[in-house]
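FYI, it's all coordinate maths here, none of it is from the lab. Keep in mind that this is a model prediction, so the values were computed, not measured. Cβ sites come from the backbone with ideal geometry, for glycine too, and all protein chains shown count toward neighbours.
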Amino acid sequence: MERTLILLKPDALERHLAGAVLHRFEKKGLRIAEMKMLRITPELAGLHYAEHRDKPFYPQLEQYITSGPIVAAVLEGPEVIAVVRRMVGPTNGIEAPAGTIRGDYSLSSQRNLVHASDSPASAEREIKIFFA
């Protein structure tokens, strides 16, 4: 059984979409193995987004992800990483097709509701950050 990490970002919680998004994953047949609500600190953001720390957009990313509470969850299922990535859709909500989470609920590339691990190595690293 494969595992992946998702983060419901501050805009998902501000817009009261956490339940709708989680429901879509459960409706697909994925299992929520672990879940918690927290506020990401700048230090935690730096660990999670380590590959982006030197990029020009990082300060805005950190400001956004620390702006409110998030929900972190570990999902389990067959090929869950690929399944979740397809369900979430492309980063930019304007470009994301209808039927994907971002396509249905987002109009932004930054305020795009959900983070999903992009590979088995990322999933393992990210799960350890949020669920030590």
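Panel note: the C-alpha atoms of the stretch 2-130, placed on their principal axes, show extents of 36, 31, 23 Å (largest first). Computed about the Cα centre, the dipole magnitude for the stretch 2-130 is approximately 240 debye when only Lys and Arg (+1) and Asp and Glu (-1) carry charge, each at its Cβ. The phi-based Karplus calculation (6.51 cos²θ - 1.76 cosθ + 1.60; θ = phi - 60°) puts the 3J(HN,Hα) values of the stretch 36-45 at 7, 9, 7, 10, 7, 7, x, 5, 5, 4 Hz, whole numbers, x for Gly and Pro.
With contributions of -39500 (n - 2.57) from each DSSP H run of at least four residues, the per-residue ellipticity at 222 nm computed over the chain stands at -11500 deg cm²/dmol. Under 28 Å of direct C-alpha separation, and excluding same-chain neighbours fewer than eight residues apart, Lys36 reaches these lysines: Lys9, Lys27, Lys28, Lys128. Under the combined filter of DSSP loop state and at most 15 neighbouring Cβ atoms within 10 Å, the stretch 39-132 retains these GluC sites (Glu not before Pro): Glu79, Glu95.
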